[in-house]
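The values are calculated or read from the model by the stated rules, or taken from the named source; none is laboratory data. Everything numeric in this text was worked out from a predicted model, so none of it was measured. Neighbour counts run over all protein chains shown; Cβ positions are idealised from the backbone, glycine included. When the accessible area is computed, the model is the full protein with side chains, heavy atoms only, and any ligands, DNA or RNA have been set aside. Shrake-Rupley method; radii C 1.70, N 1.55, O 1.52, S 1.80 Å.
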Amino acid sequence: MVRLTKIYTKTGDDGTTGLVSGARVRKDDLRVEAYGTVDETNAAVGLCVLACPDGDKLADVLRAVQHDLFDLGADLATPLNPGEQPGTKLRIVEGQTLRLERTIDEYNEALAPLTSFVLPGGTALSANLHLARTISRRAERIAVALEARDGAGVNHEAIKYLNRLSDLLFVLGRVANDGGKRDVLWVPGANRQK
């Protein structure tokens, strides 16, 4: 269990922060950007939880995602070492990604096929889910860049998880729009002058 007794340490006043390994890196390091954007995703998902009607099953799904996102942040904050034994560090595992896939399939089954791209909106919950989706996509892009820079120093399952998460948030955005009935569809060229 994590125990935080002092909130400010002043160790970051020089523009650096500590990774889980104890190594210090600049606060604008790509690894810090990756887990920081995962944290931002988690905050956006928290807004989605608050926008869920009382007793809505979506809130439970989203709370589970929030726990995964803390795992994911810890994963990205801990460079993967060659020869690391499975289970010795907190890492995103395939089972977490597969859970997202099952949830996507469960909720998507009841949705009508799309005829156009969906604009964020319809309901407040749907708009918040789309915001969380776009932030998770940014986290994925940064994690991919980190993997390109650090190679094996990134758990690839973390990137797969982020990819599935954005898909889940998209599907849940449609669910929150009365099963897609209140989706706002993109009309290509709708405002171009003729």
Checklist entry - Can you give the angle from 0 to 90° between the axis of helix 94-108 and the longest principal axis of the chain, with both taken from C-alpha atoms, to the nearest 10? => result 10 degrees
Item to check | Label-to-label distance, nm, for residues given as A124 and R63 (7 Å Cα→Cβ offset) | outcome: 2.0 nm
Item to check | Accessible area of the stretch 1-116 belonging to carbon and sulfur atoms, whole % at 1.4 Å probe | outcome: 55 percent
Item to check | Centre separation in Å (Cα based) which lies between the stretch 55-84 and the stretch 134-194 | outcome: 17 Å
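What number of lysine-lysine pairs in the stretch 1-148 show an alpha-carbon separation below 26 angstrom, given a sequence spacing of 8 or more or placement on distinct chains?
Details: K6/K27; K6/K89; K10/K27; K27/K89.
So the count works out to 4.
Quick check for me: using +1 on Lys/Arg Cβ and -1 on Asp/Glu Cβ, what's the dipole size of the stretch 119-169 about its Cα centre, in debye to the nearest 20?
Values: 7 positive and 5 negative charges, 29 e Å.
Magnitude of the dipole: close to 140 debye.
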Checklist entry - Using a Gaussian network model of the chain with C-alpha springs under 10 Å, which one of K181, K57, K27 is most mobile by mean-square fluctuation? => result K57
Next on the checklist: For a quick check, take a GNM of the chain with Cα springs below 10 Å and name the residue from S166, S21, S136 with the largest mean-square fluctuation.
Outcome noted: S21
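Could you put H156, H67 in order of accessible surface area, largest first, with the 1.4 Å probe and the full protein assembly present? Walk me through the numbers on the way to the answer.
Numbers: H156 95, H67 135 Å².
The residues order as H67, H156, largest area first.
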Checklist outcome for this item: The distance between the Cα centres of the stretch 99-117 and the stretch 28-54, in whole Å, is 22 Å
Next on the checklist: Within 11 Å, Cβ to Cβ, of V49, how many net charges do the neighbouring residues add up to if Lys/Arg are +1 and Asp/Glu are -1?
Outcome noted: -1
Checklist entry - Of D183, D13, D29, which is the most mobile in a GNM of the chain whose springs link Cα atoms less than 10 angstrom apart? => result D13
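Relative to the present Cα-Cα distance, how much length would full extension add between R102 and R192 at 0.36 nm per residue of separation? Display every interim value, and only then the final one.
Working: separation 90, 0.36 × 90 = 32.40 nm, distance 4.08 nm.
Difference between extended and current length: 28.3 nm.
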Item to check | Computed accessible area, R63, all protein chains, 1.4 angstrom probe, square angstrom | outcome: 110 Å²
